[in-house]
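The values are calculated or read from the model by the stated rules, or taken from the named source; none is laboratory data. These numbers were taken from a predicted model, which means no experiment stands behind them. Note that we place each Cβ from the backbone using ideal geometry, even for glycine, and neighbour counts take in every protein chain shown.
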Amino acid sequence: MKRLKNIIIILFVFTSLSSHAQNTKIIVLKQFLTDIVKLDGKVLDEEQPIVSICEIAKSRADKTIDINYETIGSALLEAKNYKHCLITVDAHTLVKVVSFKDSSLSGTWHVATPLCKGYVQKAGVLYDKKDYLKNLIGKPDSQIRTMYLFKE
């Protein structure tokens, strides 16, 4: 009986901690987007918040561009004319451009990529990253990369 109580207590603590981690992830992403996309009480999927953000960004962006090896150069040039630029990779990566002036040439993408800040989700955990775009979005492959541009 005592063992069953201990198991129940452990499950309760684990569930509480897991729920807190999910809420923290949502709060972090909402703060990250504060000056770009107003979420206005929108509920983000706790397991896949980047998917929810993609849907909201798609509806509110002034322009959306699919990024691939052929389009990245012109997309980055166009992004310089906007106030904010978000880029997502599938359901696991969300980045925003910090500086187009600070850039690094990518041998793989064959363009200069800007300095970015963002989050990568692995195994349900968000990892804070600040690096050049080439290092955050990986090499050109079949993953879906989308750029969202905002004038204000």
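Could you tell me which residue of the range 82-102 is nearest to Ile36 (Cα to Cα), considering only residues that are free of Cβ contacts under 8 Å to residues at least 40 places away in the same chain and surrounded by fewer than 18 Cβ atoms within 10 Å (Cβ to Cβ)?
Val98
So that you can scan it fast, the table gives a plain yes or no per residue for (1) of a type outside the set (A, V, I, L, M, F, W, C); (2) in contact with a helix residue (DSSP H, G or I) (Cβ under 6 Å, 6 or more places away or on another chain); (3) not in a strand (DSSP E or B):
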{"position": "Lys96", "(1), (2), (3)": "yes, no, no"}
{"position": "Phe100", "(1), (2), (3)": "no, no, no"}
{"position": "Thr108", "(1), (2), (3)": "yes, no, yes"}
{"position": "Thr113", "(1), (2), (3)": "yes, yes, no"}
{"position": "Leu126", "(1), (2), (3)": "no, yes, no"}
{"position": "Lys130", "(1), (2), (3)": "yes, no, no"}
{"position": "Asn135", "(1), (2), (3)": "yes, no, yes"}
{"position": "Asp141", "(1), (2), (3)": "yes, no, yes"}
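Quickly run through the range 25-75 and pick out the residues that are in contact with a strand residue (DSSP E or B) (Cβ under 9 Å, 6 or more places away or on another chain), among the small types (Gly, Ala, Ser) and under 15 Å from Thr88 (Cα atoms).
Across the range 25-75, the qualifying residues are Ala57, Ala61, Ala75.
Just for the range 25-77: of the residues that are part of a strand (DSSP E or B) and in contact with a Ser or Thr (Cβ under 8 Å, 6 or more places away or on another chain), which one is surrounded by the fewest Cβ atoms within 10 Å (Cβ to Cβ)?
Of everything passing the filter in the range 25-77, Asp66 is surrounded by the fewest Cβ atoms within 10 Å (Cβ to Cβ).
Against the condition under 19 Å from Gln143 (Cα atoms) and modelled with pLDDT under 95, how does Ser52 come out, does it pass? Write out each step before concluding.
Working: under 19 Å from Gln143 (Cα atoms): yes; modelled with pLDDT under 95: yes.
Here the answer is yes, as Ser52 does meet what is asked.
Kindly indicate which of Asp90, Asp128 is at positive phi, modelled with pLDDT of 95 or more and either under 17 Å from the mean Cα position of the chain (by Cα) or of a type in the set (Val, Ile, Thr) (or both).
Of Asp90, Asp128, the one residue that is at positive phi, modelled with pLDDT of 95 or more and either under 17 Å from the mean Cα position of the chain (by Cα) or of a type in the set (Val, Ile, Thr) (or both) is Asp90.
State all residues of the range 103-130 that are among the polar types (S, T, N, Q) and either in contact with a Cys (Cβ under 6 Å, 6 or more places away or on another chain) or surrounded by fewer than 16 Cβ atoms within 10 Å (Cβ to Cβ) (or both); if no residue qualifies, say none.
Ser104, Thr108
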